[in-house]
Amino acid sequence: MTQQSDTTADSVGEVYDQFADAGASTAMGGNIHVGYWDDDDPEVPIAEATDRLTDLVAERLALRPDRQLLDVGCGIGVPALRIAGAHDVRVTGITVSQQQVTEAAARAVESDAGGRVSFRLADAMDLPFEDVSFDGAFAIESLLHLPDQTPALKEIHRVVRPGGRLVIADLCQRQPFTGADKEVLDGMLLMYEIAGINTPEEHHARLAEAGWELLELTDIGEQVRASYGHAAAAFRGLAGALDAGAAQQMNAAADLMEAFGGHPYAGYVLITAQRS
Ligand SMILES: C[S@@+](CC[C@H](N)C(=O)[O-])C[C@H]1O[C@@H](n2cnc3c(N)ncnc32)[C@H](O)[C@@H]1O
């Protein structure tokens with residue numbers, strides 16, 4: 001894993017507090033993750049494409065009504081509400097951003113599925129739940145913020161029942177970025193408070209270290225690639241309303257997003273694991 005080293009729950013939380021304040025996920029329907037396009041449907045809007053990614057995660061969770069799920073890194077609650085609504089399950093979301101908890105709770109009040117979700121401030125490295133409290137868990141683009149993923153994967157393993165699933169959707173490096181390309185990657189890590197981006201082999205190894213059995217790991221990088229351009233355009237749009245310093249920062253974030261997203265080594269994995 002290319003390590004940025006010193007992200008903390010607080011430093012990541014600050015970034016997402018600012019992100020929520022800026023309304024940066026509005027164009028993505030409130031999802032803070034990539035969209036998914038099949039080869040024949042590039043015209044699908046980004047908000048719909050991001051919901052599709054959530055649906056791909058839900059499909060892999062083997063859901064039945066009333067199952068209890070943990071959403072590790074829940075953002076502003078949009079994926080949790082979608083899954084709770086579509087599958088009649090209960091979802092507890094955690095995030096390290098108080099702003100996100102507040103916004104997710106407000107969205108729950110407005111949603112038909114609101115009674116089946118709850119959101120709280122908590123760190124994936126130290127989950128405030130009893131052993132075996134959940135039937136399954138999902139983590140959409142959250143593990144990459146953790147300076148050491150294995151303890152968090154062990155924590156999730158502790159709170160999920162035997163036989164329960166963990167579905168991860170996350171960035172990956174198909175091969176390690178090197179040379180000038182590594183500057184793009186390092187810039188991306190710093191800008192977005194990312195601790196590191198695993199290769200597929202590292203994803204597998206960390207899961208195994210934490211006691212998870214890998215059922216599936218698929219690289220859908222080409223189906224999500226358009227997301228980076230959409231996100232960059234949204235950031236540039238937001239920059240117009242900011243003061244000069246903040247606008248420069250937002251435009252730099254957009255440039256990095258595009259450079260990373262256009263790189264052939266930038267992949268994206270969908271992983272299904274099971275607790276034995
Ligand atoms: C890219 S956002 C994804 C949000 C959400 N999964 C989605 O798809 O809309 C990353 C999320 O991970 C959360 N996160 C990062 N580090 C965390 C940690 N140590 N414990 C819990 N959540 C964390 C952030 O607060 C944020 O909600």
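Bear in mind that the values in this text are calculations on the coordinates, not laboratory data. What you see is a predicted model; the values in this text were computed from it and never measured. For neighbour counting, all protein chains shown are included, and Cβ atoms are generated from backbone atoms with ideal geometry for every residue, glycine included.
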**OP:** Would you kindly calculate the translational diffusion coefficient of the range 76-158, applying Stokes-Einstein with the Kirkwood radius from alpha carbon pairs, for 4 °C and a viscosity of 1.567 mPa s, and quote it in µm² s⁻¹ without decimals?
**Re:** 97 µm²/s
**OP:** Return the percentage of antiparallel bridges among DSSP beta bridges fully within the chain, rounded to the nearest 5 %.
**Re:** 45 percent
Subject >> Exposed GluC sites (Glu not before Pro) absent: longest stretch of the chain, with sites in DSSP loops and at most 10 other Cβ within 10 Å deemed exposed >> reply: 131-276
Original post:
Want the number for Val132 to Glu209: 0.36 nm per residue separation, take away the alpha-carbon distance, what's left?
Top reply: 25.8 nm
Original post:
In percent, how large is the relative contact order of the chain, given Cα pairs closer than 8 Å and 6 or more residues apart?
Top reply: 22 percent
**OP:** Once you have the Cα-Cα distance between Glu183 and Asp219, take 0.36 nm times their residue separation minus that, and quote the gain in nm to one decimal.
**Re:** 10.6 nm
